[in-house]
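Novice: My structure is below; once you've seen it, I'll send some questions.
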Amino acid sequence: MKIIYKDGTVAEAEVQEELEVLRHSAAHIMAQAVKRLYPHADFGYGPATEKGFYYDIDLGDTKLTDDDLAAIEAEMKKITKENLPIRPYVMNREDAVAHMQELGEKYKVEHIGDLPEDAEISFFKQGDYVDMCTGPHLCYTKALKAFKITGQSGAYWKNDKNNKMLTRIYGTAFKTQDELDAYLKMVEEAERRDHNKLGRELNFFTTVDAIGQGLPILLPKGSRVVQLLQRWVEDIEQEHGYLLTKTPLMAKRDLYRISGHWDHYRDGMFILGDADDEEKECLAMRPMTCPFQYQVFLNGARSYRDLPMRLGETSTLFRNEDSGEMHGLIRVRQFTISEGHLVLRPDQLEQEFADCLSLCKYFLGTVGLLEDCTFRFSQWDPNNTDKYEGTAQQWNDAQAVMAKILQNLGVEYEIGIDEAAFYGPKLDIQYKNVFGKEDTIVTIQIDMLLAEKFGMYYTDADGQKKLPYIIHRTSLGCYERTLAYLIEKYAGALPTWMSPEQVRILTITDRANDYAEEIRSALAAKKYRVSVDDSQNTLKYKIRNAQLEKVPYMIILGDKDIENKTVSVRHRSGEDLGAISMDEFQSILADVVDNKLKK
């Protein structure tokens, strides 16, 4: 594929830049199509992205419909068929401003003002359309063969809520139609699994405008799943020697000043009172639990024999996320986490780190997420030291220790510069949602700094006071985020052991109602989550409803089942287990639930 640069040079595109060139050119072709259909349109930014392209456009009072987007796409196809040449030219700053003013492009004029004084301003022209851009681009519009307008949203100019809201039109482009079709099919599947849509449809959670953005309400189904996960994690952690704590949701700013959160994380905290008035008490909701759990260690004199001290808590945390970052249950302002802190001797560090990693792998593997996880060794940025506590030597030492541990454990990882916590490096276990957005699901951090800030000394075997190391870790991470990933992973059909409803009994006639209640009571007595649908709806409707609600097992009761004391069992997958005894069904259910099988 030939591309053209702003200096007029034509060259063959490298493989890695082909998609970017296609998508950047597609953004210009889309803008030209919009200008033809809406001459009053005024254009902001129109970049290529990882998944396609978009353009922010001021359309005045015009509101676009789906039909309008289809018309824009149709006009783009016309432009590609016209095979317009795309030609670059360059202007100095003064001429460029006059040029954009003449074309009525006030956003481009403002953008030029943001560029360096000596910046060379380049433009690309295709037919009667001109766009300010650094390129490179296709040589002719006909080279764009496979593209699609995918949607629209609102976007503030320069992402500043104080500026005007523009219309952002999204699209994507590929080299071939087959590649585009494959991508669109993938997106369709992602939308089918999107927890933000599916989780609401299945009544796992909801949001309410009057409560606020990033503050979801877990409905009974979602609450039950989270409760099951929490109890499971707490029980397993207790088996691994964790001591349960329960600490306050807020504290005075004094505590956060000691830990360093006040200096390094204050913008991400919800503050109660005037943060700048030193004469009045000021509280802040906790963004993490570490400075609170340290008080457990400090509650008495500690010996080397007391270590490691493993402290665990199901912690509710609060973080003031930007409105544009929040998404369903994945990124919220209040969330609950399987948080823990291990206070230990230096000689215990590697084994305890390995045990933390093993534990979180067990949890993630059991729920079915581990196979899709990646690992990131998050380090500090020595060029951005204001963001971090400690000296360069302390950071180099901590990162060297962690690198050795990861090497000994055989962990394959990527390095994330400037992704560390302000007090130490960490191993982040990363996971992508169905749309490819990556977030951290679990983290294990090495901290060699905060113990000294809090005076957390222990008496060693030689009688000397020494500072411990601390591991900050989660085992299953944020429960809300985990629930979101589980909904997407299983398209709402959660494994039976964690399903909010495991069995639904469907009666064919009213004659089966008493038998249905007998079965329900027997299963409920064994702690299975079971309900009865004895409504007057048809059996076909009842089965369909249970399948839509992703109930794992259906027991269908008719006259023969009453007579033979059997249960006719059907799985949500469509598998028919036939008429079996209650003992046989309970054996099947116990195997699936007790062994936490993924079915």
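Novice: Could you check how many residues of the range 427-462 are in a loop (DSSP other than H, G, I, E, B), among the hydrophobic types (A, V, I, L, M, F, W, C) and either touching a Gly at 6+ places or on another chain (Cβ under 7 Å) or under 30 Å from G328 (Cβ atoms) (or both)?
Specialist: Here the count works out to 4.
Novice: Answer yes if at least one residue in the range 469-484 is closer than 18 Å to W395 by Cβ and outside the structural domain of H240 (by TED's automatic domain parsing), and no otherwise.
Specialist: Among the residues of the range 469-484, not one is closer than 18 Å to W395 by Cβ and outside the structural domain of H240 (by TED's automatic domain parsing), which makes the answer no.
Novice: Going residue by residue through the range 323-341, is there one that turns out to be surrounded by 15 or more Cβ atoms within 10 Å (Cβ to Cβ), outside any loop (DSSP other than H, G, I, E, B) and over 22 Å from the mean Cα position of the chain (by Cα)?
Specialist: Yes, the conditions are met somewhere in the range 323-341.
Novice: Could you list, in sequence order, the residues of the range 147-177 that are buried (at least 18 other Cβ atoms within 10 Å of the Cβ) and of a type outside the set (F, W, Y)?
Specialist: K148, I149, T150, Q152, A155, L166, T167, R168, I169, G171, T172, A173
Novice: Return the total of residues in the range 496-541 being surrounded by fewer than 18 Cβ atoms within 10 Å (Cβ to Cβ), within 15 Å of S568 (Cα to Cα) and under 41 Å from the mean Cα position of the chain (by Cα).
Specialist: Number satisfying all stated conditions: 2.
Novice: Also, I was wondering about something else. What's the number of the only condition in (1) more than 19 Å from L349 (Cα to Cα); (2) surrounded by 15 or more Cβ atoms within 10 Å (Cβ to Cβ); (3) of a type outside the set (V, I, T) that D447 fails to meet?
Specialist: Among (1) more than 19 Å from L349 (Cα to Cα); (2) surrounded by 15 or more Cβ atoms within 10 Å (Cβ to Cβ); (3) of a type outside the set (V, I, T), D447 violates only (1).
Novice: Please return the ranges of strands (runs of 3 or more DSSP E) entirely within the range 1-103 where 1 or more residues are surrounded by 13 or more Cβ atoms within 10 Å (Cβ to Cβ).
Specialist: 2-4, 53-58, 86-91
One line per residue, one yes/no per condition, for (1) under 30 Å from Y458 (Cα atoms); (2) assigned to a helix (DSSP H, G or I); (3) in the same structural domain as I471 (by TED's automatic domain parsing); (4) under 28 Å from the mean Cα position of the chain (by Cα):
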residue	(1), (2), (3), (4)
V233	yes, yes, yes, yes
G241	yes, no, yes, no
Y256	yes, yes, yes, yes
A284	yes, no, yes, yes
R305	yes, yes, yes, no
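Novice: Pairs needed: first member in the range 230-245, acidic (D, E); second member anywhere, assigned to a helix (DSSP H, G or I) and surrounded by 15 or more Cβ atoms within 10 Å (Cβ to Cβ); C-beta distance under 8 Å; at least 6 residues apart or different chains.
Specialist: E237/L359
Novice: Also, quick follow-up: Please verify whether N162 is closer than 25 Å to A493 by Cβ, in a loop (DSSP other than H, G, I, E, B) and of a type outside the set (D, E), treating the condition exactly as stated.
Specialist: Criteria not met by N162.
Novice: Continuing with this model, one more query. Scan the range 157-169 and tell me whether some residue there is on the phi > 0 side of the Ramachandran plot and not aliphatic (A, V, I, L, M).
Specialist: Scanning the range 157-169 turns up at least one residue that is on the phi > 0 side of the Ramachandran plot and not aliphatic (A, V, I, L, M).
Novice: Here is a check on your reading of the model: is A284 farther than 15 Å from D447 by Cα, of a type outside the set (S, T, Y) and surrounded by fewer than 22 Cβ atoms within 10 Å (Cβ to Cβ)?
Specialist: No, not satisfied.
Novice: Also: Got at least one residue in the range 108-122 being closer than 17 Å to G52 by Cα and surrounded by 14 or more Cβ atoms within 10 Å (Cβ to Cβ)?
Specialist: no
Novice: Still on this model: Tally up the residues in the range 553-570 that are out of contact with any Lys or Arg (no Cβ under 8 Å at 6 or more places or on another chain), touching a residue at least 24 places away in the same chain (Cβ under 8 Å) and not basic (K, R), please.
Specialist: Of the residues in that region, 4 qualify.
Novice: Identify the single condition in (1) exposed (fewer than 13 other Cβ atoms within 10 Å of the Cβ); (2) in contact with a Ser or Thr (Cβ under 7 Å, 6 or more places away or on another chain); (3) of a type in the set (A, V, I, L, M) that A590 does not satisfy, given that it satisfies every other one.
Specialist: For A590, the exception is condition (2).
Novice: Filter the range 376-415 down to residues that are surrounded by 17 or more Cβ atoms within 10 Å (Cβ to Cβ) and either on the phi > 0 side of the Ramachandran plot or assigned to a strand (DSSP E or B) (or both) and give me whichever is nearest to the chain's Cα centre (by Cα).
Specialist: Step by step, filter the range 376-415, then rank; the result is R376.
Novice: Follow-up. Test L349 against the stated conditions and say whether it is in a loop (DSSP other than H, G, I, E, B) and buried (at least 18 other Cβ atoms within 10 Å of the Cβ).
Specialist: So L349 does not fit the description; no.
Novice: Six or more apart or on different chains, Cβ atoms under 7 Å: show the pairs whose first residue is in the range 354-367 and within 17 Å of I470 (Cα to Cα) and whose second is surrounded by 15 or more Cβ atoms within 10 Å (Cβ to Cβ) and among the hydrophobic types (A, V, I, L, M, F, W, C).
Specialist: C356/I444; C356/I471; L357/I444
Novice: Looking at H111, H40, which one is assigned by TED's automatic domain parsing to the domain that holds M165, within 34 Å of the chain's Cα centre (by Cα), modelled with pLDDT under 95 and closer than 21 Å to G154 by Cβ?
Specialist: Selected residue: H111, the only one of H111, H40 that is assigned by TED's automatic domain parsing to the domain that holds M165, within 34 Å of the chain's Cα centre (by Cα), modelled with pLDDT under 95 and closer than 21 Å to G154 by Cβ.
The values are calculated or read from the model by the stated rules, or taken from the named source; none is laboratory data. This is a predicted model, so every value here is computed, not measured. No Cβ is skipped: glycine too gets one built from the backbone with ideal geometry, and neighbour counts run over all protein chains shown.
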